[in-house]
Amino acid sequence: MIAIEDVSKRYADGTVAVDRLSLQIPDRSITVLVGPSGCGKTTTLRMINRMIEPSSGTIRVDGEDVRSRPVNTLRRSMGYVIQNAGLFQHRTVLDNIATVPRLLGWSKQRARERAAELMERVGLDPAMARRYPYQLSGGQQQRVGVARALAADPPILLMDEPFSAVDPVVRRGLQEELLRIQGELGKAIVFVTHDMDEAITIGDRIAVLRTGGRLAQFAAPDEILSSPADPFVEEFLGSDRGIRGLSFLSTRDLELDRSRVFPVGSDRREMSGRAPEGAPVLVTDADGRPLGWADPGSWDGDVEALEPYGPVFEVGRDSLRVALDRTVLSPTGQAVGVDGSGKVLGVAGQETVAAAIRSARRRRRAADAPQEAPAVKAGR
């Protein structure tokens, strides 16, 4: 979809913001530009829609040089989302979202109908349609910004640190909403952030840039975490990249222990006879949902005396990183694995999770290993 070919940006004072950058940004994916301050992330993004003109090199969209199109036409063909949303304060939410369709000549009714449809898509209450931006929270304003960028259904969405000004909880919600929308619409999204965790969470591919706009590595998130290209990338990732890499390993094959899971009506003899000696047991309600931990030797059926079971993980949906985190947070060191309905499937301790990590890595190495070519039979 987007080809950045040997592009540089040099300013009159000699500053080099981007230095001979080449990237192939595919359709229907999220490509994240990440790196330290001064690495040319935003400059690169703005060269795609010609808010900044490159000093040399070429940027093509579907094979067409972006300089061959009138700049206003080019920009209206790309959605653009910035930090703090950049909304028009004198326009209602509905009219903010309808801005680009109106500029493209849509009727007011058609543009507002499209805006109302997008409010629902980005998770905004229709009752907010007549409010003004100052009447919304930061997260709501960012949703309006995303809806406005999508209003004319552009094939490309450019996002410049759109979620960095909101608190961490809202930020996670916006990231999840973006991934949901991308799953439905399949845009070519170029996303700028300085936060590596955000890049790993949302990116299909990540371009790590050095100061001066030089490309250090361009790969899928798990590849960057497992095989950083050089010491710069390794240092930028931080000391916990091994833990981050667990985000790409599924709990689907995690071996769960059912021997210490008991329904609330069980007696202490049954618990003590089946559970490992001295180990606490997990008591569930009649529907199989967790109630808490009990000492089988002193269990008398009092649900109020149960110890909290801690946060759970959903088997198959959550990663081994989440499962490991749950073992750390569990009062017993045992993480509770549940299905999509919240029913307990079993428990897993840190040793079990560690074994699953080793097994998953062995499978990955085997899958990545070059395959031997089959022997050619004589006479063929």
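We did not get these values from a lab; they are worked out from the coordinates using the rules stated. Since we're looking at a predicted model, the values are computed, not measured. All Cβ positions, glycine included, derive from the backbone under ideal geometry; neighbour counts span all protein chains shown.
Mind pulling the angle between the C-alpha long axis of helix 320-329 and the longest principal axis of the chain? Nearest 10 degrees, somewhere in 0 to 90.
Compared with the principal axis, the helix lies near 50 degrees.
With a point put 7 Å past each Cα toward its Cβ, work out how far Tyr134 is from Arg258 in nm, to one decimal.
6.2 nm
Can you return the aspartates and glutamates within cross-link range of Lys187? Criterion is Cα-Cα under 13 Å, with same-chain partners fewer than 8 residues away left out.
Asp27, Asp153, Asp204
Express as a percent, rounded to the nearest 5, the fraction of DSSP beta bridges in the chain (both residues included) that run antiparallel.
Values: 30 of 56 bridges.
Rounded to the nearest five, the antiparallel share is 55 percent.
When we measure straight from the Cα of Lys41, which aspartates and glutamates land under 14 angstrom away, once same-chain ones fewer than 8 places off are left out?
Within the straight-line cut-off, Lys41 pairs with Asp19, Asp160, Glu161, Asp195.
Please check: in the Gaussian network model of the chain (C-alpha springs, under 10 Å), which one of Arg20, Arg363, Arg67 has the largest mean-square fluctuation.
It is Arg363.
So if R0 is 35 Å, what FRET efficiency would Ala220 and Arg289 give, r being the distance between their Cβ atoms, rounded to the nearest 0.05? Walk me through the numbers before you get to the answer.
Working: r = 36 Å, r/R0 = 1.04.
That gives a FRET efficiency of 0.45.
Sort Phe218, Phe313 so that the residue with the fewest other Cβ atoms within 10 Å of its own Cβ comes first and the one with the most comes last. Mind showing how you got there, number by number?
Working: Phe218 20, Phe313 24.
Taking fewest neighbouring Cβ atoms as first place, the list is Phe218, Phe313.
Set the Förster distance to 25 Å, then compute FRET efficiency between Glu113 and Glu184 from the Cβ-Cβ distance, nearest 0.05. All intermediate terms of the calculation are to be shown ahead of the outcome.
Working: r = 18 Å, r/R0 = 0.74.
Efficiency at R0 = 25 Å is approximately 0.85.
Can you spot the aspartates and glutamates whose alpha carbon is less than 12 Å from Lys108's alpha carbon? Ignore those fewer than 8 places along the same chain.
Asp95
With the Cα gyration tensor of segment 261-364 giving a ≥ b ≥ c as the square roots of its eigenvalues, does the rule (a/c under 1.5 for rounded; else a/b larger than b/c for prolate; else oblate) give rounded, prolate or oblate?
Numbers: a/c = 2.26, a/b = 1.77, b/c = 1.28.
Prolate is the answer for segment 261-364, as a/c is 1.5 or above and a/b outweighs b/c.
PRE reach from Phe88 (point 7 Å along Cα→Cβ): which of segment 115-139 fall under 13 Å by backbone N?
Inside the label zone: 133.
HN-Hα J couplings of segment 62-68 from phi, Karplus 6.51/-1.76/1.60, θ = phi - 60°, integer Hz, Gly and Pro as x?
6, x, 9, 4, 4, 6, 7
If each residue's Cβ is checked for other Cβ atoms within 10 Å, how do Thr211, Thr73, Thr327, Thr99 rank with the fewest at the top? Don't jump to the answer; show the numbers that get you there.
On the way: Thr211 14, Thr73 9, Thr327 22, Thr99 19.
Least to most surrounded, the residues fall as Thr73, Thr211, Thr99, Thr327.
Between [x] 47, 30, 18; [y] 34, 27, 20; [z] 38, 22, 19, which matches semi-axes √(5λ) of the Cα gyration tensor in Å calculated for the structure shown?
Computed from these coordinates, semi-axes √(5λ) of the Cα gyration tensor in Å corresponds to label [x].
Taking other Cβ within 10 Å of each residue's Cβ, how do Asp204, Asp13, Asp287 sort, fewest first? Could you put the intermediate results ahead of the total?
Values: Asp204 14, Asp13 5, Asp287 10.
Arranged by neighbour count, lowest to highest, Asp204, Asp13, Asp287 become Asp13, Asp287, Asp204.
Normalised by the residues of the chain, what does the relative contact order come to in percent, with Cα pairs under 8 Å and at least six apart? Working shown, then result.
Details: 701 pairs, mean separation 56.8, N = 380.
So the answer I get is 15 percent.
Can you give me the Cα centroid spacing of segment 206-245 and segment 249-319 in angstrom?
The two parts, judged by their Cα centres, are 40 Å apart.
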